[in-house]
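The values are calculated or read from the model by the stated rules, or taken from the named source; none is laboratory data. Source: prediction; values computed, not measured. Backbone-built Cβ (ideal geometry, glycine too); neighbour counts: all protein chains shown.
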Amino acid sequence: MMSLETLSDLRETCQATRGALTAREQEVLTWVAAGKSAWDISELVSIAERTAHEHTQAATRKFGALNRTHAVALALRDNVISI
């Protein structure tokens, strides 16, 4: 059975190995947290819809998340974004 200290160390190691999100990825993920679609985000930040989707996918990969909702949950938990 793992101790709390071991779990804490493991979490810190996982966070350290994740790539840091770019400012644009953080911005896009914040809009995802607000319930916006890739099209909505593209209109809000003046980028192509495909680019908005790619920023979301990059952030999702960097967190090792299963989907964009999971990425938002992890980003909120780790204080990478706020709503």
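Could you grab me the full set of residues in the range 44-57 that are within 14 Å of residue 30 (Cα to Cα) and of a type in the set (Gly, Ala, Ser)?
Going through the range 44-57, the residues within 14 Å of residue 30 (Cα to Cα) turn out to be 44-45, 52-53, 55-57.
Correct list: 52 only.
From the list 68, 11, which one is at pLDDT 95 or above and of a type outside the set (Gly, Ala, Ser)?
68
Quick check on my filter: what residues within the range 31-59 are over 19 Å from residue 82 (Cα atoms) and among the aromatic types (Phe, Trp, Tyr)?
Listed by number, the list holds a single entry, 39.
What are the residues in the range 62-83 that are out of contact with any helix residue (DSSP H, G or I) (no Cβ under 6 Å at 6 or more places or on another chain), part of a helix (DSSP H, G or I) and either over 15 Å from residue 24 (Cβ atoms) or among the hydroxyl-bearing types (Ser, Thr, Tyr) (or both), if any?
Here is the first cut: in the range 62-83, the ones out of contact with any helix residue (DSSP H, G or I) (no Cβ under 6 Å at 6 or more places or on another chain) are 62, 64, 66-67, 69-70, 73, 76-80, 82.
Filter once more, so that each one left must be part of a helix (DSSP H, G or I): 62, 69-70, 73, 76-77.
Listed by number, the residues that qualify are 69, 70, 73, 76, 77.
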